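Below is one structure, written out as structure tokens; comments come after it.
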Amino acid sequence: MPGEADGHRIECDDCMKTPRPWKDGRAALLYHGRARSLILALKHGDRPELARPAALWMARAGQGLFHDDMVIAPVPLHWSRLLRRRYNQSALLARHLGLQTGLDVCPDLLQRRVRTPVLDGKTATERAEALSGAIAPHPRRQHWLQGRDILLVDDVMTSGATLAACARVCLAAGANHIFVLALARVAKDA
């Protein structure tokens, strides 16, 4: 995933054109085929038990990202979407990832203050516009951000707009460095 050059990564044109506000990132899977089916089952198919094995894959993919005193935080859902789904799949992934790595997890470090539209099918610019001002640090959790590295966890990275919005909020609130880890990433068709 986009991040600092490490000598082994080939950046796509979009990634070079739009610098990301995180230091480094990884994804465990590509979002197609069985991986897509698994994520849709976790996200919309009432299959929260899939988060545990998925977090194992994420822990393997994230080797090298994890640091002492790092805080794991999921991408937040708006309360109305959480009510409908009954759980935040990114929070489940973060919780199981914390168990695998021994790192602190703060499931409500960030809040989605605005109910954003479904972002599927939107361009990167439309996604960024929809997320503008939608995410904020939880007022009672800001001390978790001060001078610490944050690992943001999401189920799928499409354009990176959601993770970028979360990263900017964390940095503005005093976080040290931001890292991102997604279960899967969408690859552009050639």
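The values are calculated or read from the model by the stated rules, or taken from the named source; none is laboratory data. All of these numbers come straight from a predicted model, not from anything done at the bench. Every residue, glycine among them, receives a Cβ derived from its backbone with ideal geometry; neighbour counts consider all protein chains shown.
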For the range 149-190, give me the residue count where each residue is in a loop (DSSP other than H, G, I, E, B) and more than 22 Å from residue 113 (Cβ to Cβ). 8
Where residue 178 falls short, out of the listed (1) buried (at least 19 other Cβ atoms within 10 Å of the Cβ); (2) in contact with a Pro (Cβ under 7 Å, 6 or more places away or on another chain); (3) within 21 Å of residue 78 (Cβ to Cβ); (4) hydrophobic (A, V, I, L, M, F, W, C): (3)
Find the helices (runs of 4 or more DSSP H) located wholly in the range 1-87 whose residues include 3 or more that are modelled with pLDDT of 95 or more and within 30 Å of residue 174 (Cα to Cα), and list them. 51-61
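Here is a yes/no grid of residues against (1) at negative phi; (2) charged (D, E, K, R); (3) under 16 Å from the mean Cα position of the chain (by Cα):
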{"site": "53", "(1), (2), (3)": "yes, no, no"}
{"site": "84", "(1), (2), (3)": "yes, yes, no"}
{"site": "102", "(1), (2), (3)": "no, no, no"}
{"site": "105", "(1), (2), (3)": "yes, no, yes"}
Could you please find all residues in the range 137-162 being surrounded by fewer than 18 Cβ atoms within 10 Å (Cβ to Cβ) and in contact with a Leu (Cβ under 8 Å, 6 or more places away or on another chain)? 138, 141
Which condition number does residue 121 fail, the rest of (1) more than 18 Å from residue 19 (Cα to Cα); (2) touching a residue at least 12 places away in the same chain (Cβ under 8 Å); (3) part of a loop (DSSP other than H, G, I, E, B); (4) not acidic (Asp, Glu) being met? (2)
Condition first: in a loop (DSSP other than H, G, I, E, B), modelled with pLDDT under 95 and not hydrophobic (A, V, I, L, M, F, W, C). Can you find one or more residues in the range 100-109 that meet it? no
Options 84, 112; residue that is out of contact with any helix residue (DSSP H, G or I) (no Cβ under 7 Å at 6 or more places or on another chain), surrounded by fewer than 19 Cβ atoms within 10 Å (Cβ to Cβ) and more than 14 Å from residue 178 (Cβ to Cβ): 84
Given the criterion over 28 Å from residue 47 (Cβ atoms) and either part of a loop (DSSP other than H, G, I, E, B) or touching a residue at least 12 places away in the same chain (Cβ under 8 Å) (or both), identify the matching residue among 128, 94. 128
Among the residues of the range 134-164 satisfying the criterion of being out of contact with any Lys or Arg (no Cβ under 9 Å at 6 or more places or on another chain) and among the aliphatic types (A, V, I, L, M), which is modelled with the lowest pLDDT? 145
